[in-house]
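*Asks:* My questions will all concern the structure given below.
The values are calculated or read from the model by the stated rules, or taken from the named source; none is laboratory data. Worth saying up front: this structure is predicted, and the values here are computed from it rather than measured. Here the Cβ positions follow ideal geometry from the backbone for every residue, glycine too, while neighbour counts run over all protein chains shown.
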């Protein structure tokens, strides 16, 4: 059965769906996640209520585009996972890939309960960690985050993963250049940005050769 995006998913194209592995079955899982998120958001502050009406662009495309840019990566760490964006979306799309595993790292217990519920209901290849990101010793291919922290702090969370060989690819907003300039007071790194597929004002930020050179 071919993948068909819901009518409101105007930002989703057939080429995009194919590239990120969004089969009809996986889109059904994404819709279940959307429903669970909307229900849980009434009790726990997971995402802004106004964003749920634009779920497919604001949340699905924004998260899934990580696989557009890094299609071969199957082991990810999502720092400050919160509502599971992008981590749960990645876990759903990688559900049938052998060896895939997504680490959802979140320090707030109530958010971890939501993440665990979705992982269990959808039988996802994901592990929920109720912990601070920098306290874990995980070996992954990619480390990512969305709306987690300013870049100078985010790099401190990500550094242990990068030191073990992970590549860093973060979802950032229009002020990414200012964040990069501020982070360079503390860190030395190479940065590359790409325009977000979900919002032309957003950026995907790739970080390489990370090294701390100062104090926060």
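*Asks:* What is the number of the single condition among (1) in contact with a helix residue (DSSP H, G or I) (Cβ under 7 Å, 6 or more places away or on another chain); (2) at pLDDT 95 or above that residue 52 does not meet?
*Replies:* Unmet condition: (2).
*Asks:* Of everything in the stretch 117-136, what is in contact with a helix residue (DSSP H, G or I) (Cβ under 9 Å, 6 or more places away or on another chain), under 19 Å from residue 38 (Cβ atoms) and assigned to a helix (DSSP H, G or I)? Give them in sequence order.
*Replies:* Correct list: 117, 118, 119, 121, 122.
*Asks:* Of (1) in a loop (DSSP other than H, G, I, E, B); (2) in contact with a helix residue (DSSP H, G or I) (Cβ under 8 Å, 6 or more places away or on another chain); (3) more than 22 Å from residue 57 (Cα to Cα), residue 98 satisfies all except one. Which?
*Replies:* Condition (2) is where residue 98 drops out.
*Asks:* State yes or no: is residue 29 part of a strand (DSSP E or B) and on the phi < 0 side of the Ramachandran plot?
*Replies:* The answer is no for residue 29.
*Asks:* Another question about this same structure. Filter the stretch 142-152 for residues that are more than 14 Å from residue 87 (Cα to Cα) and under 17 Å from the mean Cα position of the chain (by Cα); which is surrounded by the fewest Cβ atoms within 10 Å (Cβ to Cβ)?
*Replies:* In this case the residue turns out to be 150.
*Asks:* While we're here: Condition first: within 12 Å of the chain's Cα centre (by Cα) and part of a helix (DSSP H, G or I). Now tell me which residues in the stretch 64-91 satisfy that.
*Replies:* Result: 64, 65, 66, 67, 87, 88, 89, 90, 91.
*Asks:* Out of 148, 112, I need the residue that is modelled with pLDDT under 95 and either closer than 29 Å to residue 98 by Cβ or in contact with a strand residue (DSSP E or B) (Cβ under 6 Å, 6 or more places away or on another chain) (or both). Which one?
*Replies:* Matching residue, one of 148, 112: 148.
*Asks:* Name the pairs: first residue in the stretch 71-87 and on the phi > 0 side of the Ramachandran plot, second residue assigned to a strand (DSSP E or B) and surrounded by 24 or more Cβ atoms within 10 Å (Cβ to Cβ), Cβ to Cβ under 6 Å, at least 6 apart or on different chains?
*Replies:* Within 6 Å, the pairs are 80/145.
*Asks:* Here is a follow-up. Which pairs do you get when a residue that is more than 21 Å from residue 73 (Cα to Cα), found in the stretch 1-25, comes within reach of a residue that is modelled with pLDDT under 80 and surrounded by fewer than 16 Cβ atoms within 10 Å (Cβ to Cβ), reach meaning Cβ atoms under 8 angstrom, with the pair 6+ apart or on two chains?
*Replies:* 24/1; 24/2; 24/4
*Asks:* Could you check, for the stretch 102-116, whether at least one of its residues is surrounded by fewer than 24 Cβ atoms within 10 Å (Cβ to Cβ), part of a helix (DSSP H, G or I) and in contact with a helix residue (DSSP H, G or I) (Cβ under 8 Å, 6 or more places away or on another chain)?
*Replies:* no
*Asks:* A follow-up question, please. Kindly indicate the residue of the stretch 153-175 that is touching a helix residue (DSSP H, G or I) at 6+ places or on another chain (Cβ under 8 Å) and under 28 Å from residue 31 (Cβ atoms) and also surrounded by the most Cβ atoms within 10 Å (Cβ to Cβ) among those meeting that condition.
*Replies:* 170
*Asks:* Those residues that are over 17 Å from residue 94 (Cβ atoms) and in contact (Cβ under 8 Å) with a residue 60 or more places away in the chain, I need them from the stretch 51-65; list them, please.
*Replies:* Residues satisfying the conditions are 57, 58.
*Asks:* Among the numbered criteria (1) at pLDDT 95 or above; (2) more than 19 Å from residue 202 (Cβ to Cβ); (3) touching a strand residue (DSSP E or B) at 6+ places or on another chain (Cβ under 6 Å); (4) crowded, with 20+ Cβ neighbours inside 10 Å, which one does residue 78 miss?
*Replies:* (2)
*Asks:* Let me ask another. Given the conditions (1) out of contact with any strand residue (DSSP E or B) (no Cβ under 8 Å at 6 or more places or on another chain); (2) buried (at least 20 other Cβ atoms within 10 Å of the Cβ); (3) farther than 16 Å from residue 170 by Cα, report the number of the one that residue 89 does not fulfil.
*Replies:* Checking residue 89 against (1) out of contact with any strand residue (DSSP E or B) (no Cβ under 8 Å at 6 or more places or on another chain); (2) buried (at least 20 other Cβ atoms within 10 Å of the Cβ); (3) farther than 16 Å from residue 170 by Cα, the one that fails is (3).
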